[in-house]
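Working notes, structure below.
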Amino acid sequence: MDTLIKRAAEDIAAAKLVTALTGAGISTESGIPPFRGKGGLWERFDPMEVAHIDAFMQDPTRVWEILLKEMKTIVEAARPNDSHTGLTKLENLGKLSTIITQNVDGLHQVAGSTDVIEFHGNFASHRCLDCQKQYASHEVQITQIPPRCDCNGILRPNAVFFGELIPPEALRRSQKIATDCDLMLVLGTSAEVQPAAMMPVIAKDTGATIIEINPQSTALTGTVSDYLIKGKAGEVMNRIIAELEQIL
Ligand code: APR
């Protein structure tokens, strides 16, 4: 691992435009479960039954009951960890421009990152299905399920359900930064969900170096990524920052 940490710090120091793609793995150190693998949400629930827009529209009570109530509590209690603050430090060192995140927990922004593309929306706000009125998540009291708007419409999270399109501006900006960057850090994602998993491929095809940080290999390892640093994102980011501060 030492050699790869050094190599990553040197690659980042030499890079002109660095971006990062993040996934649920980086928030596990903040107490939010991942979706796949051991202890993943999809081990307990069928995502097509509880996280697909058709399932929500058919039975919002069930989806709120089973998934959303639990997610809301966990996400509201979570705090950034060293992987989030590590990316903020990288930005403060002038070595990271934009983060593309699949996470809906808003922890990058809480950690101080200033340019975060929420590829799958966020859980920090909800909207009314009828009048589209927006609510900050902490304003939404789960006194009834599903929670209701003042107009009595049903509230839904601003997170992207399966079966829904990626917000067009998020997709456009992500494809642009993936094309323009010369280094992409890929942290805590299994890279199994499209089109997010396409971003490292676009970056690779346009000449960027792809560095993965993950305790396990993924769909990108050995095909798209140049190298994988096997470890927890918080620890690895701390070590890369320490190395980088020596070089810069
Ligand atoms: N540090 C880094 N990586 C970690 C850590 C950690 N501490 N813990 C786990 N991981 C890795 C796992 O090895 C796995 O590869 O994080 C990855 C988590 O994968 P998923 O649970 O599939 O999460 P993600 O890739 O973000 O899922 C993509 O799928 O369910 C949908 O919309 C949801 O945004 C989500 C999308």
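Laboratory data are not the source of any read-out in this text; all were calculated from the coordinates shown. These numbers come from a predicted model, not from an experiment. Note that each Cβ is placed from the backbone with ideal geometry, even for glycine, and that neighbours are counted across all protein chains shown.
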Order of S83, S113 - criterion: other Cβ atoms within 10 Å of each residue's Cβ, fewest first: S113, S83
Computed [θ] at 222 nm, deg cm²/dmol, the chain (DSSP H ≥ 4; -39,500 (n - 2.57); rounded to nearest 500): -10000 deg cm²/dmol
Filtered trypsin sites (Lys or Arg not before Pro), the range 12-117: DSSP coil and at most 13 other beta carbons within 10 Å: K16, K38
Sparsely packed GluC sites (Glu not before Pro) within the range 139-248, loop by DSSP, other Cβ within 10 Å at most 16: E164, E192
Estimated distance in nm for a label pair at T179 and K230, the labels positioned 7 Å out from Cα along Cα-to-Cβ: 3.7
Over 26 Å between alpha carbons, listed pairs K95/K133; K38/K89; K95/K204; K72/K95; K69/K232; K38/K133: K95/K133; K38/K89; K72/K95; K69/K232; K38/K133
Under-5 Å amide H pairs with A15, H placed in peptide plane, nonlocal only: none
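Using only the Cα atoms of the range 83-211, construct the convex hull and provide its projected area averaged over every direction, in square nanometres to one decimal.
8.8
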Length gained when the stretch T3-E164 is fully extended (0.36 nm per residue, less Cα-Cα span): 53.8 nm
Cα gyration tensor, the range 174-248 - rounded (a/c under 1.5), prolate or oblate: oblate
Integer Hz, Karplus 6.51/-1.76/1.60 couplings in order for the range 78-88, x for Gly and Pro: 6, 10, x, 10, 4, 6, 5, 5, x, 5, 5
Potential lengthening between R62 and N152 on full extension [0.36 nm per residue; Cα-Cα distance subtracted]: 30.6 nm
The chain: relative contact order as a whole-number percent, Cα under 8 Å and 6+ apart: 26
